[in-house]
Amino acid sequence: MKCVIRTSIILIIIASMPAAQAQLSRTTTKVGTTVAQFLKIGAGARAVAMGGSAAAMDGDIYSIYWNPGSLSRMRTPGEASFNHTQWLADIDYNYVASGLTVDGFGTLGLSVTSLTMPEEIVRTEINPEGDGRRWSYSAFSMGLSYARTLTDRFSIGFTAKYIHEGIWNMSSSGFAFDIGTIYTTTFNGLKIGASISNFGTRMRLDGQDISFNNVPSGQQGSGPQNVQSIYKTEAYDIPLQFRIGLAMDVLNVDAIRATASVDATHPNDNVEYVNSGLEVAYDEMFFVRAGYNSLFNENAEQGLTWGVGLYFQVTNLNGIKVDYAFADYGKLKDVQYVSVSVTY
């Protein structure tokens, strides 16, 4: 078993080395060089309220997004949740996830992410007020996860997902994998988590808007006429992210628990940054959270986050969780998250 643990950790380190070397050697941030940017929007009000520092946090179905290795550490055998966010520029972001632990097998999870925006009129140079047509953008992702606790301290998990983006008459699709591990140390229950998200294929736009009729000779009436042709579109990477985090209960007295967490994130399209957060719980029923997102990223608009949560426990297993988070985006509009979960 120790050999399995060591092998898993080594694989994660090796997988992150090429990206780390590229990051250290480059002189630009590479912002805007990846597609499927909706994959970078944090999921779950609890994690967002803690500044997005959730790589080493457990007990939450949203670990599917932050670190699938934590999925096997849900507080109940099953949980289902829905997260709605009115994102920037009136964009709707929704995330649905559910998980179930099967004795002797592990924990299975399913997640669906969707991003939609209101329709806009098509404006052209000739028709600046609109030509009667409308366009829209949408994005979609579906993932299937599996996690297992290999020892009483070490867990590992995986997610395979399908990604789709569409804008007007064009669309692109791809596949990606997430892998994560979490280890509980003997030092005051300190947890160490690491994950790699969105390791997958490149995506290329395709559709009817790149088709056109061509006259190879360049002159009408001579040579081949109206040859069916297409424009060549480039393929782009999806936003690969490597996270490593720490989480520990800094206070656990009577009915009060305080958990501090910190994450270091290494993306393939930006500079490294640090997220940090704190969760204070009373009787595991009332929760207050605060955090800070994108420390050491001077150009980031993200910053202070905070939120609250309430857990209505019906039976030993069944209950309802309601979480709220507020995220400050500086010059941009503030974003608010609401998550509703059912445990079973």
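The values are calculated or read from the model by the stated rules, or taken from the named source; none is laboratory data. Please read all numbers here as calculations on a predicted model, not as lab measurements. Cβ placement follows ideal geometry from the backbone for every residue including glycine, while neighbour counts extend to all protein chains displayed.
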Kindly list the number of the only condition in (1) outside any loop (DSSP other than H, G, I, E, B); (2) modelled with pLDDT under 95 that fails for Gly157. (2)
Go over the candidates Tyr324, Tyr337 one by one and state the one that is among the aromatic types (Phe, Trp, Tyr), surrounded by fewer than 21 Cβ atoms within 10 Å (Cβ to Cβ) and either in contact (Cβ under 8 Å) with a residue 24 or more places away in the chain or assigned to a strand (DSSP E or B) (or both). Tyr324
Among the residues of region 61-77, are any surrounded by 14 or more Cβ atoms within 10 Å (Cβ to Cβ), in contact with a Ser or Thr (Cβ under 8 Å, 6 or more places away or on another chain), part of a helix (DSSP H, G or I) and among the charged types (D, E, K, R)? yes
Total residues in region 163-191, condition surrounded by 22 or more Cβ atoms within 10 Å (Cβ to Cβ) and more than 30 Å from Glu120 (Cβ to Cβ): 5
Which residue, of Val271, Val280, is modelled with pLDDT of 95 or more and among the aliphatic types (A, V, I, L, M)? Val280
For Asn316, which of the numbered conditions (1) modelled with pLDDT under 95; (2) crowded, with 20+ Cβ neighbours inside 10 Å; (3) not basic (Lys, Arg) fails to hold? (2)
Checking Asp92 against (1) in contact (Cβ under 8 Å) with a residue 40 or more places away in the chain; (2) of a type outside the set (A, V, I, L, M, F, W, C); (3) surrounded by 13 or more Cβ atoms within 10 Å (Cβ to Cβ): exactly one of these is not met. Which one? (1)
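Looking at Ala147, Ala160, can you tell me which residue is surrounded by 18 or more Cβ atoms within 10 Å (Cβ to Cβ), within 30 Å of Gly109 (Cα to Cα) and either in the same structural domain as Ala55 (by TED's automatic domain parsing) or in contact with a Phe, Trp or Tyr (Cβ under 7 Å, 6 or more places away or on another chain) (or both)?
That would be Ala147, the only listed residue that is surrounded by 18 or more Cβ atoms within 10 Å (Cβ to Cβ), within 30 Å of Gly109 (Cα to Cα) and either in the same structural domain as Ala55 (by TED's automatic domain parsing) or in contact with a Phe, Trp or Tyr (Cβ under 7 Å, 6 or more places away or on another chain) (or both).
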Ser173 fails exactly one of the following numbered conditions: (1) over 24 Å from the mean Cα position of the chain (by Cα); (2) assigned by TED's automatic domain parsing to the domain that holds Thr107. What is the number of that condition? (1)
I'd like the full set of residues that are part of a strand (DSSP E or B) and under 12 Å from Ile238 (Cβ atoms), limited to region 197-216. Ser197, Asn198, Phe199, Gly200, Met203, Arg204
Only one residue in Val314, Val338 is of a type in the set (A, V, I, L, M, F, W, C), assigned by TED's automatic domain parsing to the domain that holds Ala80 and out of contact with any strand residue (DSSP E or B) (no Cβ under 6 Å at 6 or more places or on another chain). Which one? Val314
So, restricting to strands (runs of 3 or more DSSP E) that lie completely within region 227-311, which ones have at least 1 residues that are in the same structural domain as Asp58 (by TED's automatic domain parsing) and within 24 Å of the chain's Cα centre (by Cα)? 241-253, 256-267, 273-282, 286-295
Is it the case, given these coordinates, that Tyr231 is within 24 Å of Lys321 (Cβ to Cβ) and surrounded by fewer than 13 Cβ atoms within 10 Å (Cβ to Cβ)? no
Can you tell me which of Gly52, Gly104, Gly132 is without any contact (Cβ under 8 Å) to a residue 12 or more places away in the chain, small (Gly, Ala, Ser) and more than 18 Å from Ile167 (Cα to Cα)? Gly104
